[in-house]
Amino acid sequence: MTQAPEPERADEQTILSQLPAGTRLGRVLRGDARVYHVLIDGEVIQAAPRGRLFEELGEVRTPVAVGDRVAVSLDGDPPGVELVLPRDNYLSKVSSSHDPREQILFANVDQLINVASVGQPGFSSNRTDRILAACEWQEIPASIVLNKVDLDARGDVEGIVETYERAGYEVIQTSAEKREGLERLRAKLDGKTTVLYGASGVGKSTLINELYGMKLKIGKISRFWSQGKHTTTFSRAIPIDGDTWVVDTPGIRVFRLYGLNKGQLRHLFPDFAPYNTKCRFPNCAHDHEPDCAVVNAVEAGELATSRYLSYVEMLDELAPPPEDVATYGETGEESEG
Ligand SMILES: Nc1nc2c(ncn2[C@@H]2O[C@H](COP(=O)(O)OP(=O)(O)O)[C@@H](O)[C@H]2O)c(=O)[nH]1
Ligand SMILES: [Mg+2]
Ligand SMILES: [Zn+2]
């Protein structure tokens, strides 16, 4: 028997033509597993995912993610999300300490900007290093916005910029308050879908409001989250104009990477790259091994101690690599797909 060839990735028109009449394509703005807000031709439609989308979930918690391109049938009440189009990329994490399933935070983005602040709240290396590693893992271009530089009484900015530029990340310094660095940020955002990731209170909403004349609530979410009443996490996509989108994420306390083992983590720290091959053991985890080039570089002041501490903390949370994995050192590929 001859097998039908695998279909090429179908274009949107082909997909639509195979769906019932009255089905339209849109992009998911926000939602939970029960109802999603989908932007369809400038209108926000609330749609519920069809039951069969839940059948193929596997270890994934919900079938639809913010930023997904979806087909919605408008006939039903409520309208139904019939199909999720193949994702260009996505970022996921372990749902929570009680729930090991994969939680997809958003899909189909051009880049992620880790928004951090100095002063109030202070800069968190750990939070920053976790999300940067996650972006390396999913191959999402990442950079850093360091906001509230007007509050840098302790002079923290210089060291932070040095650490991350040395690791190869662009760092944009901003003050939403003093309107500094905003043009550089705008140039980075225009025409792209960008995730703004960061703790609540760092100034994400203020920056979007200042740049695009929006009226997102300022400061409110911060108190809401800091009271610790809610541990669920929802992102939302904000259409700015035709091709500029911003995905606002809530404060996620601890971002645990999903689907990664100990052997893969060292490749998610670009600043470790020159040293990874120089340890005594080729598969050195840079943890307790003798003659470790990464530890030596930290001691010599060539690598930031903060980066190394983040690495070791994340390493502790991961499972060891399966013994039969020959490509121990390769990034990402094994667990993708
Ligand atoms: N001093 C100073 N305060 C800022 C700056 N940007 C935002 N804020 C303040 O920080 C607080 C939290 O801002 P918000 O935009 O709600 O943060 P979000 O939770 O990341 O969206 C608000 O009181 C803002 O006025 C800044 O550049 N400098
Ligand atoms: Mg906000
Ligand atoms: Zn080592």
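The values are calculated or read from the model by the stated rules, or taken from the named source; none is laboratory data. Not measured: the values here are computed from a predicted model. Every residue, glycine among them, receives a Cβ derived from its backbone with ideal geometry; neighbour counts consider all protein chains shown.
Scanning the range 115-124 turns up at least one residue that is within 16 Å of ligand 2 (Cβ to nearest atom), surrounded by fewer than 18 Cβ atoms within 10 Å (Cβ to Cβ) and at pLDDT below 95.
Residues are listed down the side, and each one gets a yes or a no for (1) within 28 Å of TYR197 (Cα to Cα); (2) at pLDDT below 95; (3) hydroxyl-bearing (Ser, Thr, Tyr):
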| position | (1), (2), (3) |
| --- | --- |
| ARG253 | yes, yes, no |
| GLY259 | yes, yes, no |
| PHE269 | yes, no, no |
| ALA273 | yes, no, no |
| CYS292 | no, no, no |
| GLU313 | yes, no, no |
| VAL325 | no, yes, no |
| GLU330 | yes, yes, no |
| GLU333 | yes, yes, no |
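On inspection, THR14 passes the criterion of being surrounded by 11 or more Cβ atoms within 10 Å (Cβ to Cβ), of a type in the set (Val, Ile, Thr), over 30 Å from LEU260 (Cα atoms) and modelled with pLDDT under 90.
With the condition kept exactly as written, say whether any residue in the range 87-98 is under 12 Å from the mean Cα position of the chain (by Cα) and of a type in the set (A, V, I, L, M). Walk me through how you get there before you give the answer.
Kept after step one, since they are under 12 Å from the mean Cα position of the chain (by Cα), are these residues of the range 87-98: 89-93.
Still in the running and of a type in the set (A, V, I, L, M): 91.
Within the range 87-98 (the criterion being under 12 Å from the mean Cα position of the chain (by Cα) and of a type in the set (A, V, I, L, M)), the answer is yes, since at least one residue qualifies.
Candidates are the residues of the range 203-215 that are under 20 Å from ASP243 (Cβ atoms) and in a loop (DSSP other than H, G, I, E, B); the one that is nearest to ligand 2 (Cβ to nearest atom) is MET214.
Within the range 73-80, identify whether any single residue is buried (at least 18 other Cβ atoms within 10 Å of the Cβ) and within 30 Å of ILE131 (Cβ to Cβ), and answer yes or no.
No.
Looking at GLN111, GLN103, just one residue is of a type in the set (S, T, N, Q), under 21 Å from ARG30 (Cβ atoms) and buried (at least 18 other Cβ atoms within 10 Å of the Cβ), and that residue is GLN103.
Cβ-Cβ contacts under 7 Å between residues 6 or more apart (or on different chains), taken from a first residue in the range 150-174 that is within 19 Å of LEU185 (Cα to Cα) to a second residue that is surrounded by 14 or more Cβ atoms within 10 Å (Cβ to Cβ) and aromatic (Phe, Trp, Tyr), are listed as ILE160/PHE123; VAL171/TYR164.
The residue that is surrounded by the most Cβ atoms within 10 Å (Cβ to Cβ), among those in the range 181-223 that are over 19 Å from the mean Cα position of the chain (by Cα) and polar (S, T, N, Q), is THR206. Counted as qualifying within the range 237-309 are the helices (runs of 4 or more DSSP H) with 3 or more residues that are surrounded by 14 or more Cβ atoms within 10 Å (Cβ to Cβ), namely 262-265, 293-299.
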